[in-house]
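Structure first, then comments.
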Amino acid sequence: MKKTLKILLIVVGVLVVLVLIVPFLIPVNQFRPTIEEKASAALGRKVELGNLSLSLISGSVSAESLSIGDDPKFSSGPFLTAKSMNVGVEMMPLIFSKKLNVTGVTIASPQVTLLHNPAGVWNYSSLGGAAAKAKQAHPEKSAGAANAADISIKKLTLSNGSIIAGSTNSEKRSTYDHVNVTASDVSITSKFPVTVTADLPGGGTFKLDGTLGPVDQTDTSLTPLDAKLNVSSLNLASTGLLDPSLGLGGLVDLESNLSSQGGEAQTKGTVKFSKALLVAGGSPAGVPVTVNFDTKYNLRKNAGVLNPSTLNIGSAVAHLNGTYSAAGEATVVNIKLDAKDMPARDLEAFLPALGIHLPKGATLQAGTLSTDLNLTGPTNRLVTAGTVGLFNGVLANFDLGSKMSSVASLAGIKSGKDLNIEKLTSNLRMATDGLRADNFLAVVPTIGELTGAGTVDAKNALDFKMIATLSKEASSAASSGSAAGGAAGTLGELLGKVSGGGGGCSTSSGLKVPFQIQGTTAEPKFIPDIGGVAADLFKSKLGCLGGSSAAGATKAQGQNPADAINALGGLFKKKKP
């Protein structure tokens, strides 16, 4: 028994000695030039390895460092660097026949720099391209490339890496950390499974799971891919898609199927846009936007088509289609959005993202919204322009008449606790720095028509110049309202004298009152306009005398227009106590 134990201890001791000594006896560094040569031939880039060491325990050869050169058209620096690379090998062939059979490759903490030029071509596109061209031109001289193409790796792992992405004509870069890549049965000439995960700038995660290959040796970016793509909580403010200096942003969640074949990539899926903020001066939307999309992208032309897709905000549905191009520094889009009869109540919570805050306490209780918009330009300076219309709307808890009582000529008009809007239409232009509305028209049955134009700037400040054309009932209320005092009566009397009560100049209906809207959308302020607009309106009353009766014209003789204009201006001044 003692003898057996003694023999066993001797055997174990010999094995320990072998494990410790044999790695020093095998000149593993002699393989380094061969590995560098084959890797350089396969990639078409200069590959450099640090000192190699052998471990019998793990059955692997390790390199102290790894560097892969970039395409010189993009950068003189490295495309990839890594702290270390571990290559799993079959030990017996290595020890007894000095043959290197690779079972796996693990690259630790790699840093990859991805750059695209103004034409949209990426620096990884040429990986393997030089070798492929050399093989086609001189097949008898490209044995290294041919042998490299035959290499198969059972498992390839990139762990805890980072990707730095950007453009050659800009110093801005986006960094993706904790990048992990796992692939098995990797071969340049066949399809193989691959999984990629990463942390996104500003938070969020990325995952791609599918199959890749065979590698396109003329342009790596054209390599076929069939995968599922998942993005969670991507912060748009950190991607460059929106202007970060304006504080714009939002969170994106995406689930899609991606298929790339023959230089054309097709993506179908769903993207949810939460906490959207699209205009400076706005605030994050309280409801998400969901888009069911279908796109086709030409990888050679760096241009794509958005096939008919749908956008949902609650039960409100809009339709999208158009084109986009990623050839420049930023993606440029030309998208058409149209919608009919979207429930206004479902849209209310999204309005703050556009810089529109309803007056305090007010809510959209009814109505439908229709729109026809075009979204054009680079995504970081997107411009949205077109027409919008609200029909049969009810703005609950908002008495427009009382809000406009500061405009003396409108005092006495009552719109009720809730504001009924028969129609509200406008030409709209929305950019990242604010919103402009032209040809604004609101038909409010209790008041009449409100027309004008104005802006909402980056600080959410209103600057609108408006004209209220009062209905017959509202004109009567304005003339007799107790809140107006003598001012409204004087206005009616003055305009009556000017028009002589003749023809189309009757003041019983169609009274026009200019005013301004300032403040914010949450707290609008209605201010009398005593400038040139009032004078022009009064002059138009004088002009309409040409169509009145001779008697009316006679009554107007002797009137001094300047005195009349001054009198009109005085109507909008505050009464002295």
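Every number here is computed from the coordinates shown, using simple stated rules; none is lab data. Predicted, not measured: the structure shown is a model, and the values here were computed from it. Cβ atoms come from the backbone with ideal geometry, glycine included; neighbour counts cover every protein chain shown.
Table for the structure above
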quantity	calculated
For segment 75-89, Karplus couplings with θ = phi - 60° (6.51, -1.76, 1.60), whole Hz, Gly/Pro x	6, 8, x, x, 7, 9, 10, 8, 5, 7, 9, 10, 10, x, 9
Stretchable slack from E171 to K472, in nm (0.36 nm times residue separation minus alpha-carbon distance)	102.0 nm
S109 versus A522: modelled label distance in nm, points set 7 Å from Cα along the beta carbon direction	4.8
Net length gained if the chain between T157 and S283 were fully extended (0.36 nm per residue, minus Cα distance)	41.1 nm
Extent along principal axes [Cα atoms of segment 151-249; Å; largest to smallest]	50, 27, 22
Across K191/K268; K73/K154; K46/K154; K155/K272; K336/K423, pairs whose alpha-carbon gap is larger than 31 Å	K73/K154; K155/K272
Label zone at K296, where the point sits 7 Å out along the Cα-to-Cβ direction: segment 192-223 residues whose backbone N lies under 19 Å	222-223
Simple label model, 7 Å out from Cα along Cβ direction - V383 to A366, nm	3.9
Stretch gain in nm, segment T323-K272, where the contour uses 0.36 nm per residue and the Cα spacing is subtracted	16.3 nm
Local net charge near K46, Cβ-Cβ under 10 Å (Lys/Arg +1, Asp/Glu -1)	-2
Point-to-point label distance, K417-E64, nm (Cα→Cβ direction, 7 Å offset)	8.3
